[in-house]
C-alpha cells in the first residue's frame, strides 16, 4: 500500500470514529473543510476530477424545488388544495382523511422536495383538522412522514437524485421498488396515525 492510500484510510477511519462518538474538535463544517484541505494537500483529492464527476443538473434541480413550494404558497395554491380536500373529506371517517392527506403529501413529495412539500402541506393539514374539529397532531405527523417517504421518483429527495445519476438507475427502478415500499408505508402509517384519535 502506498502512503496516500494509508493516509486516506486513516482520515476515513478518524472521520467515522468522530461521528460515532460525536467528538468534534471544532464545528462540523470546519472539520470537513480541514479534512478536505488535508486530502487536497496530500494530493488524495483532485478538484478537477471532482468537478468533472459532479452532475450540476442535480444541484440546479434541488435549488429550484424549495422556491416552487414557496411560490405555490404565495399564489394560494396550498389554500386551494386545502379547500378541495376539505370539501371532499369533510363527511369521511378520520382514517380516510389521514390516508388521503398522507397520500397527497407523498405524491407531492415525489415531484418537489420534501421541504417544499412540508411547507405547502402543513397549513393544509392544520386547516383540515380544524375544519373537521379533530386533533391536529396526527395530521401534522401524516405530512411529516409522507414528505419524507418519496421513494418512487428520483426527484423528490436529494439522496434519490444523487444516486440516480451515479448508480445507473432508471426511473422505472424507483417507480417499481420505491412504489411498493411507498404503498406499504402509506397503509401502515394510515393505520397507526388514525389510531391516535
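The values are calculated or read from the model by the stated rules, or taken from the named source; none is laboratory data. Since we're looking at a predicted model, the values are computed, not measured. Cβ sites come from the backbone with ideal geometry, for glycine too, and all protein chains shown count toward neighbours.
Things worth noting here:
- Residue that is nearest to residue 2 (Cα to Cα), among those in segment 33-58 that are modelled with pLDDT under 80 and surrounded by 13 or more Cβ atoms within 10 Å (Cβ to Cβ): 44
- In segment 91-112, the residues that are in contact (Cβ under 8 Å) with a residue 24 or more places away in the chain reach residues that are surrounded by 24 or more Cβ atoms within 10 Å (Cβ to Cβ) and assigned to a loop (DSSP other than H, G, I, E, B) with C-beta atoms within less than 6 angstrom, at least six apart or across chains, in these pairs: 109/150; 109/156; 110/150; 110/156.
- Cross-chain or 6+ apart pairs with Cβ under 8 Å, segment 166-181 first and over 10 Å from residue 151 (Cβ atoms), then outside any helix (DSSP H, G or I): 166/55; 169/154; 171/153; 171/154
- Of the criteria (1) outside any helix (DSSP H, G or I); (2) surrounded by 12 or more Cβ atoms within 10 Å (Cβ to Cβ); (3) modelled with pLDDT under 80, which one residue 26 fails: (2)
- The set of residues in segment 164-197 being under 13 Å from residue 98 (Cβ atoms) and either within 17 Å of the chain's Cα centre (by Cα) or part of a helix (DSSP H, G or I) (or both) consists of 186, 187, 188, 189, 190, 191, 192, 193, 194.
- Whenever a residue of segment 37-53 is in a helix (DSSP H, G or I), its partners that are at pLDDT below 80 and surrounded by 11 or more Cβ atoms within 10 Å (Cβ to Cβ), lying with C-beta atoms within less than 7 angstrom and at least six residues away or across chains, give the pairs 39/45.
- The set of residues from segment 132-163 being touching a helix residue (DSSP H, G or I) at 6+ places or on another chain (Cβ under 8 Å), without any contact (Cβ under 8 Å) to a residue 40 or more places away in the chain, surrounded by fewer than 21 Cβ atoms within 10 Å (Cβ to Cβ) and outside any helix (DSSP H, G or I) comprises 136, 148.
- The condition (being more than 20 Å from residue 83 (Cβ to Cβ), in the same structural domain as residue 67 (by TED's automatic domain parsing) and buried (at least 17 other Cβ atoms within 10 Å of the Cβ)) is satisfied by just one residue among 113, 129, 105: 113.
- Filtered by the rule that a residue be more than 19 Å from residue 187 (Cβ to Cβ) and under 21 Å from the mean Cα position of the chain (by Cα), segment 127-142 gives 137, 140.
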